[in-house]
Amino acid sequence: MTAQLAPGDTAPQFTLTAADGSRVSLSDYRGKHVIVYFYPKASTPGCTTEACDFRDSLEPLQAAGYQVLGLSPDPVESLEQFTVQQSLSFPLLSDEDHAVAEAYGAWGEKKNYGKVFEGLIRSTVVVDREGRVALAKYNVKATGHVARLRKELGIG
């Protein structure tokens, strides 16, 4: 597992394929605040809750100057279905080899029902206009996460 990011760190650059088949790079958002959130698996209860919370908060987030990108190890086809099913209006990106999750410290050891395994750690990293980490949250709970994030960012 790569070390987790901290405020002030340079955010690792990436280019990934989105649910609609387009290529999306972090550098496309230079000059904007970007919320990069990592979730384990599309169409699972926690990930659906979190994605829908971001969808429902997108307008105030964008009004405050924030863009949202969701990343998971799911293949593009799964992300496409998830986007349509949940009417998601922000890019979901496929990180199948989890290289970006690793670079962001969002891949590592997890425990589930007493078993230890490697996997995606639900995380959110806020990148500032200059490409630096403004906020990094790891092992976040899906329910209520977006509300807590908005409060921390001062977005009503």
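Every number here is computed from the coordinates shown, using simple stated rules; none is lab data. Being a predicted model, the structure only gives us computed values, none of them experimental. Here the Cβ positions follow ideal geometry from the backbone for every residue, glycine too, while neighbour counts run over all protein chains shown.
Figures for the structure shown
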| quantity | calculated |
| --- | --- |
| Separation between Cα centres of region 118-132 and region 13-81, rounded to whole Å | 11 |
| Rh (Kirkwood; distinct C-alpha pairs) - the chain, Å | 15.4 |
| Region 25-156: antiparallel DSSP beta bridges as a percent of all, rounded to 5 | 65 |
| Under the span-like rule (Cα at least 15 Å along the axis, Kyte-Doolittle mean at least -1.0), DSSP H helices of the chain | 45-63 |
| Near-label residues of region 124-143 by backbone N, under 14 Å of a point 7 Å along Cα→Cβ of residue 56 | 142-143 |
| Region 1-25 residues near the modelled residue 130 label - backbone nitrogen below 19 Å, point 7 Å along Cα→Cβ | 5-13 |
| Under 13 Å, Cβ to Cβ, from residue 77 - net charge with Lys/Arg +1 and Asp/Glu -1 | -4 |
| Net charge over other residues, Cβ less than 10 angstrom from the Cβ of residue 66 (K, R count +1; D, E count -1) | +2 |
| The chain, relative contact order [Cα under 8 Å, separation at least 6], % | 33 |
